[in-house]
Amino acid sequence: YFTPVHFKDSLLGYGVLECSLSQTKKIGNVYRNWIRNINNGLEMIRVQNTISEFSRHDAMTGLYNRRGMDIAINDFRSRASSEDSWLVFVVDMDGLKYINDHFGHNEGDFGIKTVASALTSTVKGSQVCIRSGGDEFYIIGMDNYTEEDARAFTERFNSNLERLSKASGRDYPITASIGYALKPVKSDYSIDEILKLADTDMYNNKSEKKRNRR
């Protein structure tokens with residue numbers, strides 16, 4: 001018996017079973033049991049991988065959750081150089097309560113997913129997107145970043161979100177406030193402290209938009 005062993009579109013290898021012609025019935029049973037065991041093993045691996053993915057990703061948006069963020073940060077640190085900087089953004093959706101109250105929570109969820117889509121279409125390189133909870137998001141990257149990189153990201157995100165909002169055809173705009181912080185990896189700032197700085201910058205952006213609407 002010569003057979004390929006595959007799982008979905010992936011070829012894992014080949015199996016060969018040999019027997020005399022007088023033992024074809026016995027080898028057939030062995031072959032079926034062997035295939036069954038391989039199938040059970042592959043299914044167990046698939047389930048384990050699925051559980052692992054769920055433990056790192058937000059179910060609604062597919063972005064990293066807090067656990068996924070910690071894993072990504074540790075990965076960044078393992079390959080950091082002295083020239084690198086942390087570039088961290090905090091993004092908060094505007095008017096989620098208004099949308100929930102006037103159009104329903106399904107529409108509020110749609111708005112959250114739209115902001116997530118705008119972020120994923122904006123990130124570059126090894127930057128990662130995180131839904132930290134509710135309508136708040138983080139973007140974390142580590143590279144030889146500059147202030148110009150931060151401003152360019154902000155402009156791209158605002159442009160992408162505006163485009164998606166208009167394309168949605170909703171009766172309400174989908175907008176978000178964004179702030180950032182840029183700190184060298186070799187500085188004494190922890191990620192939590194950098195997030196707090198970006199969070200303050202985000203609230204400054206939100207307050208400025210509220211003043212301009214008056």
Solvent-accessible area of Glu43 with every protein chain in place, 1.4 Å probe, in Å² to the nearest 10: 70
Heavy atoms of Arg36 accessible to a 1.4 Å probe, total area in Å² rounded to 10: 120
Spin-label point model (7 Å from Cα, Cβ direction): what's the Arg211 to Arg170 distance in nm? 2.7
I need the P(r) histogram for the stretch 97-136: all alpha carbon pairs, bin width 10 Å from 0 out to the longest distance, whole percents. 28, 45, 21, 5
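With each run of n ≥ 4 DSSP H residues scored as -39500 (n - 2.57), what mean residue ellipticity at 222 nm is computed for the chain after dividing by its residue count and rounding to the nearest 500 deg cm²/dmol? All intermediate terms of the calculation are to be shown ahead of the outcome.
Working: 6 runs with 115 residues, N = 214.
One gets -18500 deg cm²/dmol as the mean residue ellipticity at 222 nm.
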Projected onto their principal axes, the Cα atoms of the chain stretch, largest extent first, over whole-Å spans of 91, 49, 23
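Using Cα pairs under 8 angstrom and six or more residues apart, how large is the relative contact order of the chain, in percent?
Details: 271 pairs, mean separation 45.3, N = 214.
Rounded, it is 21 percent for the chain.
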Gain on full stretching of the segment that runs from Ser159 to Asn40 - 0.36 nm per residue minus C-alpha separation: 38.0 nm
Determine the per residue accessible area of the chain with all protein chains present and a 1.4 angstrom probe, expressed in square angstrom. 61
Where labels lie 7 Å past Cα in the beta-carbon direction, separation of Ser121 and Lys186 in nm: 4.0
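The values are calculated or read from the model by the stated rules, or taken from the named source; none is laboratory data. What you see is a predicted model; the values in this text were computed from it and never measured. Positions of Cβ are generated from backbone atoms using ideal geometry, with glycine treated the same way; all protein chains shown enter the neighbour counts. The area values use the complete protein model at the heavy-atom level, side chains included, leaving out ligands, DNA and RNA. Shrake-Rupley method; radii C 1.70, N 1.55, O 1.52, S 1.80 Å.
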